[in-house]
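Here is the structure we will look at.
The values are calculated or read from the model by the stated rules, or taken from the named source; none is laboratory data. Here the structure is a predicted model, which means the values were calculated and not measured. Neighbour counts are summed over all protein chains in view; Cβ atoms, including those assigned to glycine, are modelled from backbone coordinates with ideal geometry. For accessibility, only protein heavy atoms count, side chains too; no ligands or nucleic acids. Shrake-Rupley method; radii C 1.70, N 1.55, O 1.52, S 1.80 Å.
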Amino acid sequence: MKKFINHPAFPIVVAPIILFSPLLFTGKSLFWGTPSTQFVPWWEFALNTILGGDFPLWNPWVGMGAPLIANYQSALFYPPYWAYLVFYVIGGIKFMTWGMTVVVTLHLIWAGLGTVKLLDDLGIGKLGQTIGGLAFALSGYLVSRAGFLSINATTAWIPWILYFTKGLSTKKKKYIWMTGLMFGLQFLAGHAQTAWYTVLLGGFWITYWSLVGAGSGKRIQDTLYGWIKYIGAGLLGLAISAIQIIPTLEYLLQSQRVGEFGYEEAMTYSFWPWRILTFFAPDLFGSPASGNYWGYGNYWEDAGYIGLIPIILVIGLLIRSIKNQKLESPPGFQKINQKNLVLFLGFIITLSVLLALGKNTAIFPFLYRNIPTFDLFQAPSRFLIWAEISLAVLAGIAFDQIKRPEGRALYWTRLAGAGCFAIAASSAGAWIFPGDINSTFITAALHTGITGLVFTVALLLMPEDNLRTKKIIWNYIIIIIVSIDLIVAGWMINPGIKADFYKISHAETRESRLFIPDRIEYDLKFKQLFTFESFYPEEDWEGLYDYHIPNINMLQRIEMVNNFDPIVPARYQIWMEEINKRDLINNPQIIDLMNIGGIVNEDSQGSISVIDITDTEENYLRLVGCALIAENDTEALAIILDGKVNLSHKIVLETNPVARSFVPCDQNRGEVKILEQSPGYLKLSVDQKQDSWIFWSQTWYPGWKGRVDGKTVNIERANYLFQAIFTEKGKHVVEFFYKPSSFFWGIGFSLVGLATLIGGLWWEKKKIHHDPDLDVEARTRNS
């Protein structure tokens, strides 16, 4: 136990637990934003489906039907998330949602431990390892986004990937397999943007270490060799994660992101230049945790605080390196050219900030228009992740070189202490006797002044290196100062709610769907409930249930036309954009087509309620006698929205699979009964007097197949967005089922990837046992 307490990992484990203690030790759950509207509904439905003996390939509750597994951010195949199943079995949805907080905390710890491992590999001492690990694990970037579960999980693997990627510059083959494993786990974690930024950062990283480690005249050769291994590791990672990646790629090809984000959407959440000041005072512009955020955009997208003391020491380290001053490493640790590494990381930080600024400079817009992949994501501010990990590493290096101030350094340290005291005292005075100064400036300055003052006092009292016991105590004091600073900065940035908030409710049953107009949905979410200024709006959080805000409707088992998934089918998005331009209530044919039975409406007094339209169960499935063939999707949509075609009698197709005309078009004689229905499956009994199309108001998507009396048939895309199967007159058993080949291809590639990984690691272990030199090296390293 004593050995663990003295290990750099101990503070890394304890600090995130303290930060999340208001949730962990009270049984509360994450809820603000995406936990309640995405992650909890996805996982509750998925786990409930699995325990029911089925597989959650399809989600019928949102968007008139949408893929679930292909929804990348659901991350259903990410191994750490499988712990949710254990929590769910033990205590249902309430315990599962508390378990999500546990998993989030563990990922912050994992991110910190990875940074410790990386710094240890760079030859940094224990104090530097601990501070670097804390700076990354409790950084503003990670903590403020912790509730965005896929970002939290994906980011946690970055330091581990950098650690193993550095090993690719050596001749040891095991690093290929371990880098591939790390990439595979990160790709499964569910956030493509963060994963892609990691791949790019890893490219810079392997290039640097290949050049540094190359012998004379071999830099090009060694760099190419390093890149070959890096690409191989990346391909292995893709193979391991193919079970998720291949269905996602299929979805992307069908989605609104198949081309690019529009310019304005892509530039959303460009880093606000003034927020650079929050790297020194995190709440300078307020915080939603305090209910007083007033900066540009939202708080979390621009958050990047790594601690006041780490950032100041990093700046000093960068200045000394630029001035070509010598950097020292404590004796007994690996010697590397720290100055070159510091300058390299300084370059990465500069590049990171320039890209994060997005539309605020000409750089990112140029890249958006001319370089592939820059147009695939929004929020350029997320490029700050490069700066965060680089700053954490530099913080470790800076603390590794810290020493008792003497001479001119002693003068500046005392002056800094006096300045911090003045800041703290004046801030306290402004707090007691408030004037016209914004209160957020006062509290931020007070935080900065006190933190700086405490550290400068500690620095002045730093013992000599030969006083080992006192030096150990001093190191722990510094760790505590940095930890408190980061914990205070991140306190309640992830608010919790009693687990009773999450409930599976069947109090309101509907055979038809609900629809929320786009304007009302936006107002409910971002102006009444999830406001950027405060985590505590005046509205009751039960409004999420009262108004069936997607995707929490999944917990109510109420089908919605709306869908809050991060990607949706492109046709669905176009359809919704057109529908929201029109007066839906006065278009009964469109209402019937979408099987809408209720609309969330706002009256002239601003009161919002659900208005029941009609029971449209009979339109959910219908027999249609005639097919109208459109030349393309544009014409099909125009025909539907024009309203001149009676969609009860005619169906609009974009192909002509059945070369015959159905007459008469004004009669739909027959009967359809549902025999069995589950997510991704519908079985019908049909008795019809004439050849007809069976129309189903479910979104068409690749992977849907049909059977008529056991014989496989095509499911056609009908009425622009939905599904239909042709059947001849008479009695039939008709089945619609979702069985995407992309999923099964993904399983195959993942099995091959895992087999390759296991085989590669086994071969490396076998070589060690058969090579005496390698065996000695391995035993020496382990000792």
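Here are the numbers for the structure shown:
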| item | result |
| --- | --- |
| When each of K172/K229; K117/K174; K126/K323; K174/K765; K644/K705; K650/K729 is checked by Cα-Cα distance, pairs over 19 Å | K126/K323; K644/K705 |
| At most 13 other Cβ within 10 Å, DSSP loop - trypsin sites (Lys or Arg not before Pro), segment 270-326 | K323, K326 |
| Point-to-point label distance, K172-V212, nm (Cα→Cβ direction, 7 Å offset) | 1.6 |
| Per residue solvent-accessible surface (Å²) - segment 408-492, probe of 1.4 Å | 59 |
| Accessible area per residue in Å² at 1.4 Å probe, computed on segment 89-215 | 24 |
| Alpha carbon convex hull of segment 518-662, volume per residue in cubic angstrom | 143 |
| Label-point gap, in nm, between Q589 and L461 - each point 7 angstrom along Cα→Cβ | 8.2 |
| Lysines with Cα under 19 Å of K94, excluding same-chain neighbours fewer than 8 positions away | K28, K498, K503 |
| Segment 395-542, accessible surface, carbon-and-sulfur percent (1.4 angstrom probe) | 62 |
| Bins of 10 Å, starting at 0 and running to the largest distance - Cα pair percent for segment 79-145 | 22, 35, 26, 14, 3 |
| Estimated 222 nm signal from helices in the chain, with DSSP H stretches of n ≥ 4 weighted -39500 (n - 2.57), rounded to 500 | -16000 deg cm²/dmol |
| Value in Å of the Kirkwood radius, where segment 354-475 supplies the Cα pairs that are averaged | 18.4 |
| Two-site FRET efficiency, S678 against N324, from Cβ-Cβ distance with R₀ of 60 Å, rounded to 0.05 | 0.30 |
| Chain lengthening between D687 and L249 when straightened (0.36 nm per residue, less Cα-Cα) | 153.7 nm |
| Computed over the chain: relative contact order in percent, which uses C-alpha pairs under 8 Å that are six or more apart | 16 |
| Relative contact order, percent, segment 449-589 [alpha-carbon distance under 8 Å, six or more residues apart] | 21 |
| Accessible solvent surface per residue of segment 506-576, calculated while the other protein chains remain in place, 1.4 angstrom probe, Å² | 39 |
| Convex hull volume per residue for segment 448-552, taking Cα atoms only, in Å³ | 162 |
| Over the chain: Kirkwood hydrodynamic radius from C-alpha pairwise inverse distances, Å | 28.9 |
| Helix axis angle, 83-121 relative to the chain longest principal axis, alpha carbon, degrees | 40 |
| Cα gyration tensor, segment 460-510 - rounded (a/c under 1.5), prolate or oblate | prolate |
| Within-15-Å neighbourhood charge of I93 [Cβ basis; K, R +1; D, E -1] | +3 |
